[in-house]
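Student: Sharing a structure below in C-alpha cells format, with a few things to ask.
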Amino acid sequence: MSFKEPVEYMAERASRHGDVLTVSLSVCREAASLSGLSVREAEIAALRGGLCPARYERTIGTFGLEGQARLLESSAAVAGCGGLGGWITEILARAGVGRLILIDGDVFDENNLNRQLYATEENIGEPKAAAAAERVRQVNSGVTAEYYQMFIDEANGAELLSPADVVLDALDNNRGRRDVFSLCRRLGIPFVHGAVAGFFGQAAVLRPQDRPLWESSELPDKGIELTTGNPPFIPPFIASVQAAEALKILAGLEGGLEHTLLWFDLMRCDMQRLRLK
C-alpha cells in the first residue's frame, strides 16, 4: 500500500462535522495496520490530506490541520515528572505532541499525593517518569513516550535533550534549571520555565540567546516553597501556561512569551509581566 492509499482509505470512512471531515481512532488504526505505518504516521497523513483525527476535533479550530500535523511531527522534553511535569505531560500527550522525552530520577512519596497528577496510594515508591510514560500510552497511542529514570545534569543532559524541539522546566531546584538552560543554549533549544510556591507561580520562555535567570552564584537552590508548600491548584495552573507556550512554539503560532516573565498571585488574582533583559 502506498502512502497515498491510507488517506483514501480514511477519507472513504470519514464523517463530516460542520466544516471538518473527521476520521475515528479505529479507522486510523486500521489504515496504519494496512499500510505498515504507525498510528502517528497515519494521523499525520490524514491531516496532510485534509482529514482531522477525531481525537483532535475539539482542538483543530485552535491549531488548524497544519498546526496539528506539526505537533505530531515534533518532540518535547519534560525535565521533572512531578508537580508541574505530570500536568505538562498530560496536556502535551492529549494535544498530540508526537514524541515526549520524560526525565526524572525520583519516586513517588506520600507528600506528592496532594498535587502530583500521577501519584496514587498504590504507586508510592515507584518511579515518576515510568508512571508518566505509562499514562501517555493510555491516553494517546499516536504519541511515543520514552522515559529516563535519572536526574538530568550537564553530564547526561546533552544526549537526553538533543532530539527535543522544546524543553519544559518542571524541576524543583535552581541548580537543575541552571544546568538544563545551559544545555538548551548550547543545543539551540527553547526553554519553557515554570516554578510554583504556595499561591504563587511564574512562567517564562527563554530562547538560547537570552540571559539566564539563575546565573547568580548567590541564588539559593530552593525558595519560599520550603515554607509555603505547594497546594493542589498551583501546579496545574502554571503547567497549563507552560504547556500553552510550548504548543505555540511547536505549532508555529505567533503570540508567545518573548523576553517576559509572567508572575501570578492566585491569592489576590493578580498577574505581573516582568520584562527580561
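The values are calculated or read from the model by the stated rules, or taken from the named source; none is laboratory data. Everything numeric in this text was worked out from a predicted model, so none of it was measured. Cβ atoms come from the backbone with ideal geometry, glycine included; neighbour counts cover every protein chain shown. Note: areas computed on protein heavy atoms with side chains; ligands, DNA, RNA excluded. Shrake-Rupley method; radii C 1.70, N 1.55, O 1.52, S 1.80 Å.
Student: Per DSSP helix of 4 or more residues, -39500 (n - 2.57); summed, then divided by the residues of the chain. What does that give at 222 nm, rounded to the nearest 500?
Tutor: -12000 deg cm²/dmol
Student: With each label point set 7 Å from Cα along the Cα-Cβ vector, what nm distance links ARG29 and GLU110?
Tutor: 4.0 nm
Student: Here's something else I'd like to know. So what is the accessible area of the chain per residue, in Å², with the probe set to 1.4 Å?
Tutor: 47 Å²
Student: May I ask you to derive the relative contact order of the chain, considering only C-alpha pairs under 8 Å and at least 6 residues apart, and to give it as an integer percent?
Tutor: 16 percent
Student: Same structure, new question: Report the Rg/Rh value for the chain, based on alpha-carbon coordinates and the Kirkwood definition of Rh.
Tutor: My calculation puts Rg/Rh at 1.00.
Student: Apply the Karplus curve 6.51 cos²θ - 1.76 cosθ + 1.60, θ = phi - 60°, to the phi angles in the stretch 115-127 and return the couplings in whole Hz, x for Gly and Pro.
Tutor: After applying 6.51 cos²θ - 1.76 cosθ + 1.60, I find 8, 8, 3, 9, 7, 10, 5, 8, 10, 4, x, 9, x Hz.
Student: Oh, and also: Using the Cα gyration tensor of the stretch 94-237, with a ≥ b ≥ c the square roots of its eigenvalues, what is the shape: rounded (a/c below 1.5), prolate (a/b larger than b/c) or oblate (neither)?
Tutor: oblate
Student: Are there trypsin sites (Lys or Arg not before Pro) in the stretch 120-159 that DSSP marks as loop and that have at most 14 other Cβ atoms within 10 Å, and which are they?
Tutor: none
Student: Now a separate question. Write out the GluC sites (Glu not before Pro) in the stretch 94-145 meeting two conditions: DSSP loop, and at most 13 other Cβ atoms within 10 Å of their Cβ.
Tutor: Within the stretch 94-145, the qualifying GluC sites (Glu not before Pro) (loop, at most 13 other Cβ atoms within 10 Å) are GLU121, GLU122.
Student: What is the percent carbon and sulfur in the accessible area of the stretch 54-105, measuring with a 1.4 Å probe over the protein chains and ignoring ligands?
Tutor: Looking at the stretch 54-105 in its full context, I get 49 percent from C and S.
Student: Given the alpha-carbon gyration tensor of the stretch 167-206, what are the semi-axes of its equivalent ellipsoid in whole angstrom, ordered largest first, with each equal to the square root of 5 times an eigenvalue?
Tutor: Three semi-axes, in Å: 20, 11, 6.
Student: Of the candidates GLY61, GLY105, GLY157, which one comes out as most mobile in a Gaussian network treatment of the chain with C-alpha springs shorter than 10 Å?
Tutor: Result: GLY61 has the largest fluctuation of those listed.
Student: Another question, if that's okay. At q = 0.14, 0.21, 0.24 Å⁻¹, what is the log10 ratio I(q)/I(0) for the stretch 136-183, with the Debye formula run over Cα points and no solvent?
Tutor: For the requested q values the scattering log ratios are -0.41, -0.81, -0.97.
Student: Taking only the alpha-carbon positions of the stretch 155-269 and ignoring solvent, what does the Debye formula give for the base-10 log of I(q)/I(0) at q = 0.12, 0.18, 0.20, 0.23 Å⁻¹?
Tutor: Scattering profile of the stretch 155-269, log10 relative to I(0): -0.42, -0.95, -1.15, -1.41.
Student: With r defined as the distance between the Cβ atoms of THR62 and ASN123 and R0 fixed at 30 Å, what FRET efficiency is calculated, to the nearest 0.05?
Tutor: 0.35
Student: Angle between the Cα long axis of helix 60-72 and the longest principal axis of the chain, 0 to 90 degrees, nearest 10?
Tutor: That works out to roughly 90 degrees.
Student: Nearest 10 degrees, 0 to 90: what angle lies between the long axis of helix 25-35 and the longest principal axis of the chain (Cα atoms)?
Tutor: Between helix and principal axis, roughly 70 degrees.
Student: Can you give the Rg to Rh ratio of the stretch 1-42, both from alpha-carbon atoms, with Rh computed by the Kirkwood formula?
Tutor: Ratio of gyration radius to Kirkwood radius: 0.98.
Student: Quick one: if you take sqrt(5λ) for each eigenvalue of the C-alpha gyration tensor of the stretch 1-139, what semi-axes come out, biggest first, whole angstrom?
Tutor: 34, 15, 12
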